[in-house]
Amino acid sequence: MNQHIERAKELRSDEFTPNNCGQTIFMTYAKELGLSTEQASAIGCNFGGGMKYGGTCGVITSGLAVLGGLGIQDPKSVQAFRSQIKENHNGMTDCAELLRANVLAGGQKKPHCDGMILEAIELIDRLSKEKQEKGEA
């Protein structure tokens, strides 16, 4: 399995240090971004919970920030990342609406957020691989 997926699962399973979605994504890519785990956690802390107010999902905002840190800045890739998550979730991108829809469907928060984190990591890795294959890395 993918090292980033494994790292995210490890971070989300730590019951003593719960990491929100933004922290998890930043901490997963800390090494590639030249950050310590502590720095990545601090940077990502305010992205979770839709920037702590139910706005744009932290998976999207932190994912876009990580893409930028990895040098993936072209509008096509940025739009592909956001659009794919939006498409996968019936057009929803705000944390509050995603969580509300999840509850209405009988879901629980942690598994829902874990799934979105893994989805974002798969997209980040795919876009990063595409960049490398084009010789842009």
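Here are a few things to note about the model shown:
- Estimated [θ] at 222 nm from DSSP helical runs (n ≥ 4, -39500 (n - 2.57)) normalised by residues in the chain, nearest 500: -20500 deg cm²/dmol
- For the chain, the relative contact order is 25 percent, taking Cα pairs closer than 8 Å that sit 6 or more residues apart in sequence and dividing their mean separation by the residue count.
- For D74, D14, D114, the sequence from fewest to most other C-beta atoms within 10 Å is D14, D74, D114.
- Global geometry of the range 6-58, whether rounded, prolate or oblate, following the gyration tensor of its Cα atoms and the 1.5 cut on a/c: oblate
- The ranking of C57, C113, C45 by Cβ neighbour count inside 10 Å, starting from the fewest, reads C45, C113, C57.
- For Rg and Dmax of the Cα atoms in Å, the value computed from the atomic coordinates appears in the list [x] 17.0, 64; [y] 14.2, 45; [z] 15.2, 50 under label [y].
- When V103, V59, V78 are sorted by how many other C-beta atoms sit within 10 angstrom of their C-beta, beginning with the fewest, the order is V103, V78, V59.
Throughout, read-outs are computed from the coordinates displayed, never taken from laboratory work. Because the structure is a prediction, the values reported are computed rather than measured. So basically every Cβ, Gly included, is an ideal-geometry build from the backbone, and we count neighbours across all protein chains shown.
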